[in-house]
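> Below is the structure I would like to discuss, written out as structure tokens.
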2 protein chains.
Amino acid sequence: MLKQRLALLAFPLLIAAAPHDAEKLRDAALKDTIAWDIVEDLTTEIGPRLAGTEAEARARAWAVARLKAMGFANVRVEEFDMPVWVRGEERAEITGVNPQPLALTALGNSGATPPQGIEAEVIAFDSVAELTAAPAERLRGRIVFVTHRMNKAQDGASYSYFGPVRRLAPSIASQKGAAAIVIRSLGTDSHRFPHTGNQSWTDGAQPIPAAALSNPDADQLERLVKRGKPVRMRLVLTPRQTGIGKSGNVIAEVPGTDPRAGIVLIGGHLDSWDLGTGAIDDGAGVAITAAAAKRIMDAGRPKRTIRLVWFGAEEVGVRGGDAYRSRHSGEPHALASESDFGADRIWRVDFALPPAAKPIADRVEAALAPLGIARSSVQARGGPDVGALVASGVPAVTLQQDGTDYFDLHHTHDDTLDKIDHKKLAQNVAAWTAMLAVVANAPEPLVGEAAQSLPK
Amino acid sequence: MLKQRLALLAFPLLIAAAPHDAEKLRDAALKDTIAWDIVEDLTTEIGPRLAGTEAEARARAWAVARLKAMGFANVRVEEFDMPVWVRGEERAEITGVNPQPLALTALGNSGATPPQGIEAEVIAFDSVAELTAAPAERLRGRIVFVTHRMNKAQDGASYSYFGPVRRLAPSIASQKGAAAIVIRSLGTDSHRFPHTGNQSWTDGAQPIPAAALSNPDADQLERLVKRGKPVRMRLVLTPRQTGIGKSGNVIAEVPGTDPRAGIVLIGGHLDSWDLGTGAIDDGAGVAITAAAAKRIMDAGRPKRTIRLVWFGAEEVGVRGGDAYRSRHSGEPHALASESDFGADRIWRVDFALPPAAKPIADRVEAALAPLGIARSSVQARGGPDVGALVASGVPAVTLQQDGTDYFDLHHTHDDTLDKIDHKKLAQNVAAWTAMLAVVANAPEPLVGEAAQSLPK
């Protein structure tokens with residue numbers, strides 16, 4: 001009995017001596033089930049959670065209870081106001097001699113048709129450049145169709161490159177007098193799931209109905225257009241702006257021993273598009289980062305405070321990231337890093353650190369290499385909600401997930417729990433845990449000197 | 001000039017001597033584009049073509065024009081009457097503390113909810129056997145959910161085995177007083193496409209709303225049920241019976257030189273479910289068989305008449321097959337074979353031939369082996385629309401397509417042209433062409449003696 005008591009007393013002392021062995025924590029995390037449990041509960045009990053809606057509010061309440069139950073400190077919600085857009089009916093069909101329905105979905109901030117819809121001739125463009133070059137009189141009163149040839153890319157490069165099809169083409173079509181616009185989805189699958197996503201009306205463009213066709217439907221429309229006969233489409237889209245609503249960031253902390261060493265900010269976004277249940281975007285990200293923070297917390301108190309943020313309203317304009325920055329940018333951030341690129345394996349690590357912190361990168365590299373993760377010379381950008389902080393000089397480590405298949409599911413009805421692989425999810429947790437173990441305890445200073453990319 | 005004329009004269013004689021070299025026709029067909037053009041045009045210009053609707057009538061008109069243009073003889077439509085069921089609205093959502101939408105679609109002949117829908121508690125069963133064993137008072141007024149564990153099978157065996165979940169469970173649930181039934185789709189994918197399909201109300205069961213959930217949605221409902229709290233569902237399904245409509249079989253022929261040698265009946269079904277564009281089910285089948293018949297026709301006149309039938313209304317109860325049999329079963333059929341299992345490679349050939357015709361099987365086997373097709377000892381059943389003819393003794397050769405992935409797409413919105421692989425489609429045409437070259441010209445008698453399975 002006495003022996004047992006001594007053992008219990010000794011244990012905390014041992015922890016305090018070397019609480020965060022990155023290799024041991026990493027290897028233990030390869031059997032992680034914490035992340036799976038979080039993403040399963042979030043996607044099952046809440047499901048879709050569009051920013052600013054009652055569903056996102058339910059997700060925040062769920063999150064607060066969950067994070068408290070996990071033992072995090074300072075669990076709280078920081079609310080903010082935002083304009084809310086919600087989907088309505090969405091239907092389209094080819095009319096005339098080849099009548100048939102098409103699968104599409106409204107893009108964020110899409111205007112609405114009348115309830116009975118509109119019908120107009122389709123005018124097709126192969127690119128945003130072709131649309132930009134077209135004289136307005138060709139578009140007036142028509143339904144513009146813009147296609148593209150996005151392909152798979154491990155680092156997501158094709159999403160950035162083809163992004164203007166969704167982000168700019170609607171405003172251009174509106175300014176040229178089009179009645180509506182449909183685009184080929186920004187997606188790399190060949191399933192009849194249209195991919196929604198945000199867009200804003202720029203340069204005074206008036207909202208018009210704007211939607212994405214699934215890739216097979218875009219193929220079909222291309223084939224019909226190529227047959228050379230006029231193609232007419234009937235379109236019913238009835239989304240609406242519902243005014244100002246509430247979103248919020250859910251924050252939890254693992255308090256550090258040295259307040260001057262700065263805050264290690266990690267997280268993902270809690271909101272999702274309304275079509276799927278937001279499993280890979282971004283249930284996985286909130287789950288991975290929370291599981292890693294929990295593993296560090298359970299191993300002992302780190303030097304730096306780890307601040308976990310589950311951002312609100314990322315999908316509709318990075319509103320949670322903006323709100324966080326407005327409120328917290330004056331605080332000392334040692335690092336900022338978000339997980340928001342699915343649930344596939346981490347394959348690469350990027351850094352943006354002050355030159356004096358180069359040894360940190362070397363130690364992170366060494367801790368990650370056994371997971372098959374390669375160090376790059378690309379400058380880390382940190383992720384959407386922390387990107388502005390990182391651009392302003394906050395250090396970042398980006399754990400790049402394999403995005404090859406990410407845009408098969410992104411922003412579709414098909415973003416559901418079954419798409420997450422247990423082992424890949426655990427590999428993510430292992431990488432995040434190892435990275436946090438190094439960064440949160442590193443003796444090198446991380447606050448006060450601007451970060452930059454580090455030569456390998 | 002004279003020499004040229006002699007050559008022209010000599011050509012038909014050479015053809016008559018050996019017009020149908022199975023190996024040469026087979027190898028040429030591996031570059032087939034006829035089938036692709038047919039299925040592309042059918043799925044693009046007509047799209048979905050539900051039995052008994054105006055879309056199926058448009059498909060028949062398209063088919064007649066197409067088959068005439070291809071040079072077939074005796075192109076005609078044989079119409080028949082049928083009761084028509086059409087889909088309406090279909091929506092479902094979990095209500096209560098975990099509110100969220102579910103993706104589902106009505107099964108054929110589903111009853112309707114009121115326009116505003118119904119809401120009831122869900123009662124879940126793991127199998128039809130468990131449903132059958134349940135006392136009626138547990139089901140009364142509830143929404144029954146029946147799940148299963150269908151897996152992929154190359155020969156489609158799992159579809160037959162789990163078929164009662166769709167075909168029988170709705171009637172059982174109705175007879176026990178359930179308000180509605182939702183089943184896990186008979187599908188092997190993990191995408192949010194529900195799989196529709198036919199079912200009939202048996203033993204006096206009154207129609208109730210009956211629908212299939214996509215597999216991810218069935219997963220979600222299972223998870224919610226397992227959490228142990230009551231799960232309530234709101235269901236809106238408004239399909240309706242529209243009365244008696246017209247369907248029809250489209251028939252085209254390659255006239256043979258010997259009327260007494262019997263008819264070689266081949267084809268697929270022209271109707272499709274209304275959700276997708278019916279590319280693999282069964283645009284591929286009509287295209288493959290037509291392309292093969294065309295290749296035989298272009299090579300010279302066969303001994304036996306090849307009769308190509310594009311059946312109507314297969315999906316809703318093999319009505320085209322029944323209509324054909326009523327009208328034509330008295331005619332001498334040398335063979336009956338349908339292509340209706342997708343567009344993947346043919347991997348196996350089954351026979352049902354009179355014993356005296358065994359040499360035909362040997363020659364077909366030899367012609368198919370270079371395509372990677374293995375002869376089986378399974379008795380050929382011919383395919384859905386010709387199955388009753390074959391069961392009554394008409395010989396059959398079944399070219400079995402690889403069905404491993406067939407039920408990923410079967411009866412879903414996702415059955416579209418992009419799912420067909422050009423090379424695999426051509427392999428099908430090659431196999432059919434080789435089989436026809438042998439069977440249509442075989443000297444062995446095929447009419448008048450009952451077919452049976454042949455030992456290898």
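> What do you get when you divide the Cα radius of gyration of region A:176-222 by 2.2 N^0.38 Å, with N the number of residues?
Computed over Cα atoms of region A:176-222, the ratio equals 1.27.
> Calculate one ³J(HN,Hα) per residue across region B:156-169 by plugging θ = phi - 60° into the Karplus curve 6.51 cos²θ - 1.76 cosθ + 1.60, and present them in order as whole Hz with x for glycine and proline.
Those phi angles translate into x, 4, 5, 5, 5, 5, 8, x, x, 4, 8, 7, 10, 4 Hz.
> Sum -39500 (n - 2.57) across every DSSP H segment of at least 4 residues in chain B, then divide by the residue count to get the 222 nm mean residue ellipticity, nearest 500.
Rounded to the nearest 500, it is -9500 deg cm²/dmol.
> Can you bin every Cα-Cα distance in region B:342-439 into 10 Å intervals starting at zero and give me the percent of pairs per bin, rounded to whole numbers?
Final binned percentages: 16, 43, 31, 9, 1.
> I would also like to ask the following. What is the set of long-range amide H partners of residue A:263 at a cut-off below 5 Å, with H atoms built 1.01 Å from backbone N?
Hits under the 5 Å cutoff: A:333, A:334, A:335.
> Here is a further query. Which three lengths, in whole Å and largest first, does region B:74-138 cover when its Cα atoms are put on their principal axes?
62, 31, 19
> Further question: Of A:236, A:382, A:439, which is farthest towards the positive pole of chain A's charge dipole, taken about the Cα centre with +1 and -1 on the beta-carbons of Lys, Arg and Asp, Glu respectively?
Projecting each Cα onto the dipole axis, the largest value belongs to A:439.
> Still on this structure, I have one more. Going 7 Å from Cα along the Cα-Cβ axis for the label, what nanometre distances separate residue B:226 from the same residue across the other copies?
Going from nearest to farthest copy, the values are 4.6 nm.
> Could you name every residue in region A:403-433 that has 10 Å² or more less accessible surface in the full protein assembly than in its own chain alone (probe 1.4 Å, ligands and nucleic acids excluded)?
In region A:403-433, residues shielded by partner chains: A:413, A:414, A:416, A:417, A:418, A:419.
> Still on this structure, I have one more. Which value, in Å to one decimal place, does the Kirkwood hydrodynamic radius take for region A:274-338 when every pair of different Cα atoms is included? Write out the running numbers ahead of the final one.
On the way: mean 1/r = 0.0738 Å⁻¹.
Result for region A:274-338 stands at 13.5 Å.
> Determine the per residue accessible area of chain A with all protein chains present and a 1.4 angstrom probe, expressed in square angstrom.
37 Å²
> Report the B-A buried area as the accessible area lost on both sides summed, probe 1.4 Å, in Å² to the nearest 100.
Values: alone 18160 and 18190 Å², together 33890 Å².
Separately minus together, B and A give about 2500 Å² buried.
> Kindly provide the pair-distance distribution of region A:109-180 built from C-alpha pairs, with 10 Å bins from 0 and whole-percent values in order of increasing distance.
Taking every Cα pair in region A:109-180, the percentages come to 19, 46, 26, 8, 0.
> Have a look at region A:217-238 and report residues whose accessible surface goes down by 30 Å² or more when the remaining protein chains are included, against the chain on its own, probe 1.4 Å, ligands and DNA/RNA excluded.
A:220, A:223, A:227
> Work out the length of the dipole vector of region A:298-426 about its Cα centre, built from +1 on the beta-carbon of each Lys and Arg and -1 on the beta-carbon of each Asp and Glu, and round it to the nearest 20 debye. Display every interim value, and only then the final one.
Working: 16 positive and 19 negative charges, 171 e Å.
Using only the charged Cβ atoms, the result is roughly 820 debye.
> When each copy gets a label point 7 Å from Cα toward the beta-carbon at residue A:393, what are the spacings between them in nm, shortest first?
9.6
> Any idea how far apart residue A:86 and residue B:129 come out in nm if each label point goes 7 Å out from Cα toward Cβ?
Distance between the two pseudo-spin positions: 4.6 nm.
> Also, quick follow-up: Mark the label point 7 Å from the Cα of residue B:205 along Cα→Cβ and return the residues of region B:154-171 whose backbone N is within less than 16 Å of it.
Taking a point 7 Å out along Cα→Cβ of residue B:205, the residues of region B:154-171 whose backbone N falls under 16 Å are B:162-171.
> Right, something else. So for region B:205-254, considering every pair of alpha-carbon atoms, how many percent are separated by more than 18 Å?
Cα-Cα pairs in region B:205-254 separated by more than 18 Å: 61 percent.
> Moving to a separate point now. Which of rounded, prolate, oblate describes region B:35-74, given a ≥ b ≥ c as roots of the alpha-carbon gyration tensor eigenvalues and a/c under 1.5 marking rounded, otherwise prolate only if a/b is larger than b/c?
Numbers: a/c = 2.97, a/b = 1.37, b/c = 2.16.
Oblate, since a/c reaches 1.5 and b/c is not below a/b.
> Okay, moving on. How high is the relative contact order of chain B, given as a whole-number percent (alpha carbon pairs under 8 Å, six or more residues apart)?
23 percent
> Cα axis of helix A:319-328 to longest principal axis of chain A: angle in degrees, 0 to 90, nearest 10?
40 degrees
> Same structure again: Any chance you could check the Cα centroid distance between region A:110-130 and region A:159-202 for me, in angstrom?
11 Å
> Would you work out which of B:61, B:100, B:110 lies farthest towards the positive end of the dipole of region B:60-112, given +1 charges on the beta-carbon of Lys and Arg and -1 on that of Asp and Glu, about the Cα centre?
The residue sitting farthest along the positive end of the dipole is B:61.
> I would also like to ask the following. Give the accessible area for residue B:231 in Å² (nearest 10); use a 1.4 Å probe, count only protein heavy atoms, and leave out ligands, DNA and RNA.
Residue B:231 has an accessible surface of roughly 10 Å² with all protein chains in place.
> Using a label point 7 Å beyond Cα on the Cα-Cβ vector, give me the inter-copy distances for residue A:329 in nanometres, one decimal, shortest first.
8.2
> Closest approach to the B-A rotation axis by any Cβ of B: residue and distance in angstrom?
Closest to the rotation axis on chain B: B:191, 3.
> State the Kirkwood hydrodynamic radius of the protein assembly as shown in Å, one decimal place, computed from all pairs of distinct Cα atoms. Before the final figure, lay out the partial values.
On the way: mean 1/r = 0.0329 Å⁻¹.
It is 30.4 Å.
> I need the Debye-formula profile for region B:379-431: one equal scatterer per C-alpha, no solvent, reported as log10 I(q)/I(0) at q = 0.12, 0.16 1/Å, two decimals.
The Debye formula, applied to the Cα set alone, gives -0.39, -0.66.
> I'd like the orientation of helix A:284-299 relative to chain A: the angle between its Cα long axis and the longest Cα principal axis, in ° from 0 to 90, rounded to 10.
For A:284-299 against chain A, the angle is about 0 degrees.
> In debye, nearest 20, what is the charge dipole magnitude of the protein assembly as shown about its Cα centre with +1 on Lys and Arg Cβ and -1 on Asp and Glu Cβ, if you could check?
For the protein assembly as shown, the charge dipole is close to 380 debye.
> By how many degrees, 0 to 90 and rounded to 10, does the Cα axis of helix A:54-69 deviate from the longest principal axis of chain A?
10 degrees
> Separate question: Using Cα-only point scatterers and the Debye equation, what is log10 of I(q)/I(0) for region A:48-103 at each q in 0.15, 0.29 Å⁻¹, rounded to two decimals?
Results for region A:48-103 at q = 0.15, 0.29 Å⁻¹ read -0.63, -1.14.
> Rounded to whole Å and ordered largest first, report the semi-axes of the equivalent ellipsoid of region B:284-380 derived from its Cα gyration tensor (root of 5λ).
Semi-axes from the Cα gyration tensor: 23, 17, 16 Å.
> In square nanometres, what is the average projected area of the Cα convex hull of region A:224-294?
Spelled out: convex hull of the Cα atoms, projected over all directions, averaged, 10.0 nm².
> Considering only protein heavy atoms and a probe of 1.4 Å, how much of the accessible area of the protein assembly as shown is carbon and sulfur, as a whole percent?
55 percent
> With every protein chain present, what accessible area does residue B:33 have (1.4 Å probe, heavy atoms only), rounded to the nearest 10 Å²?
Counting only protein heavy atoms, residue B:33 exposes about 80 Å² to solvent.
> Right, another one. In sequence order, what are the phi-derived ³J(HN,Hα) couplings for region B:129-144 according to the Karplus relation 6.51 cos²θ - 1.76 cosθ + 1.60 with θ = phi - 60°, rounded to whole Hz, with x for glycine and proline?
Taking θ as phi minus 60°, the curve returns 4, 5, 4, 4, 7, 6, x, 4, 5, 6, 8, 4, x, 9, 9, 7 Hz for region B:129-144.
> Could you list which residues have their amide H under 5 Å from that of residue A:111, counting only those 5 or more apart in sequence or on another chain, with H placed in the peptide plane?
A:208, A:210
> Just read off the accessible area of residue B:54 with the full protein assembly in place, 1.4 Å probe, to the nearest 10 Å².
Near enough 110 Å² of accessible area.
> If we restrict to alpha carbons, what Rg and Dmax does region B:161-262 come to, in Å?
According to the Cα coordinates of region B:161-262, Rg and Dmax are 20.2, 72 Å.
> I would also like to ask the following. Checking a compactness column here: for chain B, what do you get for Rg(Cα) / (2.2 N^0.38 Å), N being the number of residues? Display every interim value, and only then the final one.
Numbers: Rg = 23.8 Å, N = 456, 2.2 N^0.38 = 22.5 Å.
Rg over 2.2 N^0.38 Å, computed on Cα atoms: 1.06.
The values are calculated or read from the model by the stated rules, or taken from the named source; none is laboratory data. The model shown is predicted, which means the values in this text are computed figures rather than measured ones. Cβ sites come from the backbone with ideal geometry, for glycine too, and all protein chains shown count toward neighbours. Just so you know, the surface numbers come from the protein's heavy atoms only, side chains and all, with ligands and any DNA or RNA stripped out. Shrake-Rupley method; radii C 1.70, N 1.55, O 1.52, S 1.80 Å.
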